[in-house]
Amino acid sequence: MCRIRAFEDAAEAASRGGVAAFGQLAGGDAMVRGPLHLSTGQEATPTGVCAHLHPADCLTSTHRGHGHTLAKGASLERMMHELFGRASGFCGGRGGSMHIADFSVGMLGANGVVAAGIAIAVGAAQSIRLQRKDAIAATFFGDGAINRGPFAESLNWAATFGLPLLFVCEDNHWSATTPTAAVSAGEGAAARARAYGIEAFEVDGNDVEAVHEVAGRLVAAIRSGDGPKLLQSRTYRVKGHVSVDPAAYRDPAELDAALLRDPLAITAGRLLLRGLSTDDIERFARAARAEVAEAVESARAAAWPEASAAFESIQDTGAGQWH
Amino acid sequence: MALMSYAAAAAAALGEAMQADPRVVALGEDLGRGGIFGQYCGLRERFGPDRVIDTPISEATIMGAAVGMALTGLRPVVELRVIDFALCAMDEIVNQAAKNRYMFGGQGRVPCVIRMPSGIWSASAAQHSQSLEAWFAAVPGLVVVAPSSAQDNASLLRAAIECGDPVAYFEHKELWAAQGEVELDARVELGRARTLRTGRDLTIVSWSKAALWSLEAAALLTGDGIDAEVIDLRTLWPWDRAAVFESASRTGRVLVAHEAIQVAGFGAEIAATLAEHTRARVARIGAPRIPVGYAPVLEQQARLDALRIAQKARSLVGAEA
């Protein structure tokens, strides 16, 4: 959780002036450019869930996917390099923040399209079963995604085929700049999953131990062949939709209330009660910030991709015929 | 060598591919009963429901799941029933399947064949009759194939399954019953055109069912003393420029004929390329920019045929005579 928080804070700092949005013009100096969707305040969900996943397990993620990627075991440094657009990033600078992936640890990709990763995870789960691999698939998506068709289609599909798939809805209450409740009927992701006969649980998504406990049960059940499950993790999007969005459209009291339930603070409080000192806890945060600072420095120094890379890894058939 | 329909040739080729490679699976609606055009006949019985997968009517997830399968070691053949329904899966085709490899820096590959039966299907009206291949030719990452014969449907389907790239594969809705001699082991390389008829006076470049009309048009043109060469492009991306340029250098005139709407059709791309790189006179013919109507007289207005192609060819040849 500390590493995710430190990563998001550093990425945010490096993105200032990096995108023309919300009435701002893009400057030339920002190292992290374009839309940057921060998961600050949502660290407990990927941490609690991914603790139960192995490298062989497949994961699909969202546009707000840095936390998922780190929690799945990907290199923090290579992810920072990708945000900086460098050749040494996970995607050689082709993807950026919205298209982070580390296939070597089963992280099959963030996605710039809401809900698109869900169906891909369905296919991965079916593939796992067909090839009799000892693995499961998991997919993170937001509460906004439950209003897209692929969510409904995928619930039905996963239930029909009894696939080894964990659906994780990170319910941060916001669909971009619109409150999800204002545009959503019914009781949310878990209720919709139950309508398809999928066992679904809701959890305090800012309580990493609670997430860890419920996710552990669900993952174990899925591994035992019990079919798909859904976890609705209630959290809150502390930042705007993208890093330059001041979220002026929301009631400041809502944010204040959410900050009182900061997942890192909740965990720190528990650790204090269990006998750790403030120093012990601060040491985790300090180590994370140091690791991130090193990643930023190495990203800053890393080489840009060659222009020729724009023409590589597109397709084999017809490669070279670009006009 | 055996006489087979275009549908049976595809089923036989897919069967061979599935037999040869356990990674090949097929998924889509109604496949268990052989597919609505019979192009999967016998495969469920042969390979079982895990590899010939009956899906819900969920085009977006059919295609999205295929991407997930391809990324994790399978080679899915995706049935989207008709091109018109593939529009429900455009994000999955264009944003996910086509771009995955590039976007993630080459970490993953999405080898899959996306079958989208295309063209006018008589009396099926506007939402079952489209030819949208030019849209897909504009998407980097995709290979675009449109076979016109039973042999090519066998050979090109096999090549598409084996090629490792996502392939937009357009069979024609009115060719399923077309018979032809098929040699299942005959291989065809993607990106290679086939000359259906040689000629001296002009080249007609076409594909899919329009290639057959072009051949008929060439027969009509002999009555005018015009000797037309007919090239079936077979693969639209990458298209066989060498074959077309070579033919153009001999005939000096090229007509591109396709069933799709002429405006912004792939014929425009070929004609413009020829204009830039050769001395050939170029023309193109396609459907008017109207939806396909139901009543025969309405449908007919959207149809290209041999007469219209021949007429256009005459004017191209006559224009400079």
(message) Being assigned to a helix (DSSP H, G or I), of a type in the set (A, V, I, L, M, F, W, C) and within 23 Å of B:Val77 (Cβ to Cβ) is the filter here; which residues of region A:121-149 pass it?
(response) A:Ala121, A:Val122, A:Ala124, A:Ala125, A:Ile128, A:Leu130
(message) A:Ile118 - would you say it is assigned to a helix (DSSP H, G or I), more than 9 Å from every other protein chain (Cβ to nearest Cβ) and not polar (S, T, N, Q)?
(response) no
(request) Please go through region A:75-109 and pick out each residue that is assigned to a loop (DSSP other than H, G, I, E, B), more than 10 Å from chain B (Cβ to nearest Cβ) and crowded, with 23+ Cβ neighbours inside 10 Å. (result) A:Phe84
(request) Looking only at region B:81-104, count how many residues are surrounded by 24 or more Cβ atoms within 10 Å (Cβ to Cβ), more than 7 Å from chain A (Cβ to nearest Cβ) and part of a loop (DSSP other than H, G, I, E, B). (result) 1
(request) Please state which of the following conditions A:Ala152 fails to meet, knowing it meets all the rest: (1) surrounded by fewer than 24 Cβ atoms within 10 Å (Cβ to Cβ); (2) part of a strand (DSSP E or B); (3) among the aliphatic types (A, V, I, L, M). (result) (2)
(request) With respect to B:Glu174, determine if the residue is in the same structural domain as B:Leu14 (by TED's automatic domain parsing) and either surrounded by fewer than 23 Cβ atoms within 10 Å (Cβ to Cβ) or under 17 Å from B:Ala257 (Cβ atoms) (or both). (result) yes
(request) Show the residue pairs that are 6+ apart or on different chains and have beta-carbon atoms under 8 Å apart, the first residue being within region A:71-95 and closer than 19 Å to A:Gly112 by Cβ, the second being basic (Lys, Arg). (result) A:Phe84/A:Arg300; A:Gly85/A:Arg33; A:Gly89/A:Arg78; A:Phe90/A:Arg78; A:Gly93/A:Arg86
(message) Suppose we keep only residues that are within 14 Å of another protein chain (Cβ to nearest Cβ) and not in a strand (DSSP E or B) within region B:159-182. Which one would you say is nearest to the chain's Cα centre (by Cα)?
(response) B:Ala160
(request) Determine whether region B:3-16 contains at least one residue that is surrounded by fewer than 21 Cβ atoms within 10 Å (Cβ to Cβ), within 13 Å of chain A (Cβ to nearest Cβ) and acidic (Asp, Glu). (result) no
(request) Could you tell me whether any residue of region B:50-57 is within 12 Å of chain A (Cβ to nearest Cβ), closer than 29 Å to A:Ile100 by Cα and over 22 Å from the mean Cα position of the chain (by Cα)? (result) no
(message) Tell me whether region B:52-74 contains one or more residues that are buried (at least 22 other Cβ atoms within 10 Å of the Cβ), touching a helix residue (DSSP H, G or I) at 6+ places or on another chain (Cβ under 9 Å) and among the acidic types (Asp, Glu).
(response) yes
(message) Regarding region A:300-307, can at least one residue be identified that is assigned to a helix (DSSP H, G or I) and either at positive phi or touching a residue at least 12 places away in the same chain (Cβ under 8 Å) (or both)?
(response) yes
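The values are calculated or read from the model by the stated rules, or taken from the named source; none is laboratory data. Since the structure is predicted, the reported quantities are computational estimates derived from the model, not experimental observations. Virtual Cβ from ideal backbone geometry, glycine too; neighbours counted across all protein chains shown.
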